[in-house]
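Heads up: the structure comes next, in structure tokens.
The values are calculated or read from the model by the stated rules, or taken from the named source; none is laboratory data. Predicted model only: the values in this text are computed from it and were never measured. We place every Cβ from the backbone using ideal geometry, glycine too, and count neighbours over all the protein chains shown.
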Amino acid sequence: MVFGLVIVPEDRIGLVTKKFVLFGKQELPEGRIIATNGEAGFQAQTLPPGVYFWKWIWQYSITFQPFIVIPTGKIGLILAKDGAELETGRILARKVECDSFQDAGAFLANGGRKGRQTAIVAPGSYRINTLLFEIELTEMTFIPDNAVGVVTTMEGKPLEEGQIAGKIIGAHNKFQDVDNFLASDGYKGLQEQVILAGSYFLNPWFAKLEMVKMTEIAIGHVGVVISFVGAEGVDTSGAEFKHGNIVSKGQKGVWAEPLGPGKYPINPYIMKVELVPTTNLVLNWASARSESHQLDKNLSTITVRSKDGFPFNLDVSQIIHIPTTEAPKVIARFGNMNNLVSQVLEPTIGNYFRNSAQDSDVIAFLGTRKERQQSARDHIGKVLEQYNVYGVDTLIGDIVPPESLMKTLTDRKLAEEQKITYDTEKKAQETRQLLEKETAIAEIQREIVKADQGVLIAERIADASVKKATGDANSVRLQATAEADRLKLLASGEAEKTRVLAKADSEKIELLAKAEAEKISVTGNAEAEKILAIGKSNAESYKLSVAAMGGDNFTQLKVMESVASQHVKIMPDVLIGGGDGATGGISGLLGLQLLEQLGKKVNGNSNGNDTKSKN
């Protein structure tokens, strides 16, 4: 090496180790490993790329080292091997001006301390003296969307008594500027402040990060905030509310102003958000049904006992509503919605229906379901108002009586229905019998009318035949008379014609006799047909009457009609009795004689009447 020439390439730096010192102080101060004033040993000053003279090989050892490159997406953590001792209680050395750790002399001269450093090295290329500094690469901190970074610091002031998290302090650029955080009296431990989605240069030796999801409040809900940090606030709930303090936003306690629907960067370790549904909420006391909110997952069918000692089950649904303004009071009183259900709704509704069932037997309970539902709604609504909850409605679902009682009720109902069925069938049979009777009477009446019409038609036909025969006879008679007169006039003038006329007259008489005989025959036939038609009509009428009334009844009817039409006396006017002596025999004969005479007289009168009626 001529003239102690050293050439440092452009992508390297030279790390210098001085073997000895010709003149002056040769030893480093106690506890130091890096020389800053020309002492023998590792030199703080490095050789950047270039040409250097008088670096004799026998006095200096030069080691070439590549630049320190921090790639994108990573940061460099610095551990100093030399410097002042850390203050008691600290774990990180504060930042000093040293050109991002590229000026080792300035680091030591400005009071840089050994150990882990608060400052980090951002992505880039650096000429860092690795004899003094050790570099550790680590990933940048990345927080995705819809997530929140909860920070816990390893350095800072101790938390104040009664506090669980460090107060929010500005000017530290989301915990990336550690020295500003510490200079502003930042606290060690859990921090109230969170960081949102993004990429950050966080020193993991200073801050531990936990990512949690953002707090989402769905539509139809509000979020009641319970803060565990903040100043002690003044209760805003009023003197009448004695179940907890409700404070203003930012103070410790239950906030009076709930959060509306949306997403919020809430630190779950210092704040708790209780979701309260503001729409109508349905809770089911039913083993086989549960709503999506799962507040009723531990509720089951209510078992009650009736007045008559029968246990039975019933399902109940309760609809409640919690206004937005009342939600903080509900949470201040119960802590969460599950406690509201278990501490108020479950015992209130269960006990009401158990007490209600004890005042009634099972049958009456089933029969008054509507009234009991209305009563339950009124009673439960009044109870819930005391807890800042509004009871919208109470609905009774399935009621399951004991199986043995249900069988008894079913048998009774079946018997009642069978009785109704039998009564209905009986009425139907009676109606059917009446219908058949009326139908038979109508049929008989139709036949009677038909027979009467047949008789009338036969009578009309017979009358027409008689009239026709009478007309023909009168015509023959008139013609015969006219002819006889004419012949009589002719006979007086003509003797010759007498014989001829006599013969003609004889023939005429014969013809007339034949005509008369024919007329009589026609008239007789017509009368016979009339009588036959009337007889057939009467026979048909009698046949239908006998079929409708019965033979014995019809016979009795005709006998009575005959007795009535003949004026026959049922009791005789003279009783003829026989005596023991001769007088009795004569009286009997006389009586018989008298009866015979009377009978003839009566018959004569009857015949006369018949003749008159025929005429």
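The figures follow:
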item: Options 434, 384; residue that is under 30 Å from residue 339 (Cα atoms) and either at pLDDT 80 or above or surrounded by 12 or more Cβ atoms within 10 Å (Cβ to Cβ) (or both); result: 384
item: Matching entry among 176, 193 (being polar (S, T, N, Q) and more than 30 Å from residue 44 (Cα to Cα)); result: 193
item: Residues located in the range 236-266, provided they are surrounded by fewer than 16 Cβ atoms within 10 Å (Cβ to Cβ) and part of a strand (DSSP E or B); result: 262, 263, 264
item: Count of the range 153-194 residues which are of a type in the set (Lys, Arg) and modelled with pLDDT under 90; result: 0
item: Flag if residue 372 is in the same structural domain as residue 350 (by TED's automatic domain parsing), surrounded by 14 or more Cβ atoms within 10 Å (Cβ to Cβ), at pLDDT below 90 and closer than 30 Å to residue 278 by Cβ; result: yes
item: Residue under evaluation residue 332, criteria (1) over 30 Å from residue 238 (Cβ atoms); (2) small (Gly, Ala, Ser); (3) assigned to a helix (DSSP H, G or I), criterion not met; result: (1)
item: Tally of residues being at pLDDT 75 or above and not in a helix (DSSP H, G or I) across the range 486-512; result: 0
item: Only listed residue being in a loop (DSSP other than H, G, I, E, B), surrounded by fewer than 14 Cβ atoms within 10 Å (Cβ to Cβ), in contact with a Pro (Cβ under 7 Å, 6 or more places away or on another chain) and not polar (S, T, N, Q), chosen from 168, 164, 219; result: 219
item: Matching residues in the range 281-318 - criterion: being assigned to a strand (DSSP E or B) and either of a type in the set (Ser, Thr, Tyr) or touching a helix residue (DSSP H, G or I) at 6+ places or on another chain (Cβ under 7 Å) (or both); result: 283, 285, 302, 303, 304, 305, 312, 314, 316, 317, 318
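Residues checked against (1) in contact with a Gly (Cβ under 6 Å, 6 or more places away or on another chain); (2) modelled with pLDDT under 85:
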{"residue": "388", "(1), (2)": "no, no"}
{"residue": "391", "(1), (2)": "yes, no"}
{"residue": "402", "(1), (2)": "no, yes"}
{"residue": "406", "(1), (2)": "no, yes"}
{"residue": "422", "(1), (2)": "no, no"}
